[in-house]
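Reading through the C-alpha cells given below for one structure.
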Amino acid sequence: VNFNAVFPHKYLLNLSRRQDRRVRCEELFESRGWQVVRQPAVDARRLKSPRGFQSRGQYAHSLSTRMILRRAMKEKAEAVFIFEDDVVFHPAMEERLAALELPDDWGIFFLGCQHHERPEAAGPGIVRVTAPLDTHAWGIRAGCFAEVRRALSGRYWPSGQGTPASDILLAELIRRVPAYAAYPNLAWQREDESDIVGGVWGNYEPD
C-alpha cells in the first residue's frame, strides 16, 4: 500500500482542550512525512442531549466522524483516512504497510482493530474483518462515504435500544461492506484519559 497515494486526504480527530494529544500526533505524522489535517472534535460537554445515543460522548464522536466524511465528500476525495488522537503505531509500520496489497473491492480499511469474530485471511499481512471494533486508524473509500455516514447516525440500529458507540455501528455495517485490516495490527489505541468513557482507558495491553 502506497499510503500517501491511496489516502491523500488524512484527518486527525482532536478535541481543542486536548492539545497534549494534538502535539504528540503531529510529531508522529511529521516523522513519517504525512500531511494530516486536524478536524476539531465536537465536545460532549457542550451537548445538551445524547440525541438517542447511549451517552453524549458517543454522540459527539459519531457526529465528529460524520463531519469529516461530509468534508471529504465536498472535496470529492476518492478516499479518506481518519486518525484519533490516542493512536499508537507499530515500530515497523511503514515497512509492513508498504508490503500490503489492498483487495480491489475494499470499502473500509483498518490499520488495526480488535477482532470480535474470527477474520478471514485475504493475503500476506491482511485479513477481511467480520466484527472489528475501534476506530483509531481507519480509511474509507468514496463509494462508502454515504453508507458509513448513515450507519454512524444510528439509522440502521434498532429503535428504542439506545444508539451505541461508532465502532459497534460500523461492525454491523461491515456485514454489507467489504472491510479489511492489517494483521497483526499496525496501529492501536494508547492508554490515556478518555474523553468518551471517563478515566484512564485503553483496549490494548501495554505490550
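The values are calculated or read from the model by the stated rules, or taken from the named source; none is laboratory data. Not measured: the values here are computed from a predicted model. Virtual Cβ from ideal backbone geometry, glycine too; neighbours counted across all protein chains shown. We work out accessible area using only protein heavy atoms, side chains counted, and drop any ligands, DNA or RNA first. Shrake-Rupley method; radii C 1.70, N 1.55, O 1.52, S 1.80 Å.
Points to keep in mind about this one:
- Taking the helices alone, the chain has a mean residue ellipticity at 222 nm of -8000 deg cm²/dmol, built from -39,500 (n - 2.57) per DSSP H run of at least 4 residues and averaged over all its residues.
- The charge dipole of the chain, taken about its Cα centre with unit charges on the Cβ atoms of Lys, Arg (+1), Asp and Glu (-1) only, comes to about 1220 debye.
- Among (i) 21; (ii) 33; (iii) 28, the entry derived from the coordinates for percent of Cα pairs over 28 Å apart: (i)
- When the chain is treated as a GNM with alpha-carbon contacts under 10 Å, the residue of TYR59, TYR156, TYR183 showing the greatest mean-square fluctuation is TYR156.
- Dipole in debye (nearest 20) - region 136-195, about Cα centre, beta carbon charges: Lys, Arg +1; Asp, Glu -1: 480
- Surface composition of the chain: carbon and sulfur make up 47 percent of the accessible area, probe 1.4 Å.
- Dipole of region 111-186, positive end: most advanced residue of HIS116, ALA171, SER153 [Cβ charges, Cα centre]: SER153
- The chain - percent relative contact order, Cα under 8 Å, separation 6 or more: 24
- Heavy atoms of SER49: accessible area, 1.4 Å probe, square angstrom to 10: 50
- Solvent-accessible surface of the chain, taken per residue with a 1.4 Å probe and all protein chains present: 51 Å².
- log10 of Debye I(q)/I(0), alpha-carbon scatterers only, for region 45-84 at 0.14, 0.32, 0.34 Å⁻¹: -0.39, -1.02, -1.10
- Placing one equal scatterer on every Cα of region 15-59 and applying the Debye formula, the log10 ratio I(q)/I(0) at q = 0.18, 0.22, 0.24, 0.27 Å⁻¹ is -0.65, -0.77, -0.83, -0.92.
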